[in-house]
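What follows is a short report on a single structure.
The values are calculated or read from the model by the stated rules, or taken from the named source; none is laboratory data. Bear in mind that the values here come from a model prediction, so they are computed numbers and not experimental data. Using ideal geometry, Cβ is built from the backbone for each residue, glycine included, and neighbour counts are taken over all protein chains shown.
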């Protein structure tokens, strides 16, 4: 009788732990999707303003036709051909084409190709550090989500590398960079089946984010919710 009771308790404990990890992953994935959508939207708008400042109308028309033909096409091979053509150009649509190629590769679970394109963009020394920071942030959030959805993979080092591309001198990205480091710590805990309470890196980052004055309340609220969820569940 005692053995049966112990067995039930162990099964219940295992089930509770499993449900906790699933809820944690779901919550973080939802937040990352919202952040990705916001960052990509802001980045595209920012690029648009910059682009119209530096390029002539005829150049815009030519490459925009190719770009919109690509994203409107239903032929997968044709999409890749057009986007690949644009990705080799040195303008606004080159970056958009590369981001579209990354999206297609992720949809097709070709994560290595997506990584290669991200690194290719981020190692372009001609790009302004603000562009680099925006793309690095998108890449980091993107692969943190992929990591949560595919525990058999380990993209932790790649995510860490993406985060390192964000220049510390950019005050607007200070909060984003710290949040990404915190999410990376959570991903490491999840991947390596560690205890949140015993992982000092996560708690140290949490304290730093909460105590830093020029970090937005939105970021602090997101991080605090994850912290409380991890701590008390």
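Taken as a whole, the condition of being under 14 Å from the mean Cα position of the chain (by Cα) and surrounded by fewer than 21 Cβ atoms within 10 Å (Cβ to Cβ) does not apply to residue 197. The criterion of being in contact with a helix residue (DSSP H, G or I) (Cβ under 6 Å, 6 or more places away or on another chain), in contact (Cβ under 8 Å) with a residue 60 or more places away in the chain and part of a helix (DSSP H, G or I) does not hold for residue 178.
Would you call residue 129 within 20 Å of residue 99 (Cβ to Cβ) and out of contact with any helix residue (DSSP H, G or I) (no Cβ under 8 Å at 6 or more places or on another chain)? When the stated conditions are applied, residue 129 passes them.
Got at least one residue in the stretch 209-218 being modelled with pLDDT of 95 or more, crowded, with 18+ Cβ neighbours inside 10 Å and assigned to a helix (DSSP H, G or I)? Within the stretch 209-218, one or more residues are modelled with pLDDT of 95 or more, crowded, with 18+ Cβ neighbours inside 10 Å and assigned to a helix (DSSP H, G or I). Within the stretch 145-164, residues that are at negative phi have Cβ atoms under 8 Å from residues that are outside any helix (DSSP H, G or I) in these pairs: 146/153; 146/155; 147/153; 147/154; 147/155, counting only partners at least 6 apart in sequence or on another chain.
So which residues in the stretch 144-159 are surrounded by 15 or more Cβ atoms within 10 Å (Cβ to Cβ) and either closer than 15 Å to residue 96 by Cα or modelled with pLDDT of 95 or more (or both)? Steps first, answer last, please.
The first filter runs over the stretch 144-159 and keeps only residues surrounded by 15 or more Cβ atoms within 10 Å (Cβ to Cβ), leaving 144-148, 155-156, 158-159.
Hits for the stretch 144-159 are 155, 156, 158, 159.
Set side by side, the residues 121, 132, 163 differ, and just one is in a helix (DSSP H, G or I) and within 12 Å of the chain's Cα centre (by Cα), which is 163.
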